[in-house]
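Student: Pasting in a structure now, in structure tokens, and then I'll have a few things to ask.
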């Protein structure tokens with residue numbers, strides 16, 4: 001992600017949010033994770049692909065961070081339509097490698113926040 005060359009300020013902010021997702025897991029930084037999530041975020045988790053609200057996910061986040069190990073996203077493709085964005089990327093981690101991954105973001109009060117993730 002860090003080598004991605006954004007074409008405009010919105011893309012730069014979106015990439016920063018995805019990098020913050022990586023860093024929040026890699027550094028066990030729950031506050032950073034919460035700072036990039038929309039209040040109404042829907043977060044997919046686990047092989048069952050269960051969907052959690054932000055409030056529900058916060059309760060399992062410390063354990064989730066331990067389980068995930070170091071993660072990395074690469075090869076982002078960004079589509080922006082007004083105040084919504086989709087980012088398709090490749091996820092690599094200790095548990096799974098080369099998995100297609102998708103984020104949906106929304107610009108809320110001038111800041112791009114993650115609405116959902118899918119894999």
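Student: Out of everything in segment 22-33 that is in contact with a helix residue (DSSP H, G or I) (Cβ under 7 Å, 6 or more places away or on another chain) and part of a helix (DSSP H, G or I), what residue ends up being nearest to residue 103 (Cα to Cα)?
Tutor: Filtering segment 22-33 for residues that are in contact with a helix residue (DSSP H, G or I) (Cβ under 7 Å, 6 or more places away or on another chain) and part of a helix (DSSP H, G or I), the one nearest to residue 103 (Cα to Cα) comes out as 33.
Student: State the number of residues belonging to segment 34-50 that are without any contact (Cβ under 8 Å) to a residue 40 or more places away in the chain and either under 11 Å from residue 115 (Cβ atoms) or part of a strand (DSSP E or B) (or both).
Tutor: 3
Student: Going by the conditions given, is residue 52 on the phi < 0 side of the Ramachandran plot, surrounded by 17 or more Cβ atoms within 10 Å (Cβ to Cβ), out of contact with any strand residue (DSSP E or B) (no Cβ under 8 Å at 6 or more places or on another chain) and at pLDDT 90 or above?
Tutor: no
For every residue, the table says whether it meets (1) at pLDDT 95 or above; (2) touching a helix residue (DSSP H, G or I) at 6+ places or on another chain (Cβ under 6 Å).
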residue: 61; (1), (2): no, yes
residue: 64; (1), (2): no, no
residue: 68; (1), (2): no, yes
residue: 101; (1), (2): yes, no
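The values are calculated or read from the model by the stated rules, or taken from the named source; none is laboratory data. Computed from a predicted model, the values in this text were never measured in an experiment. Don't worry about glycine lacking a Cβ; one is built from the backbone with ideal geometry, like all the others, and counts go over all protein chains shown.
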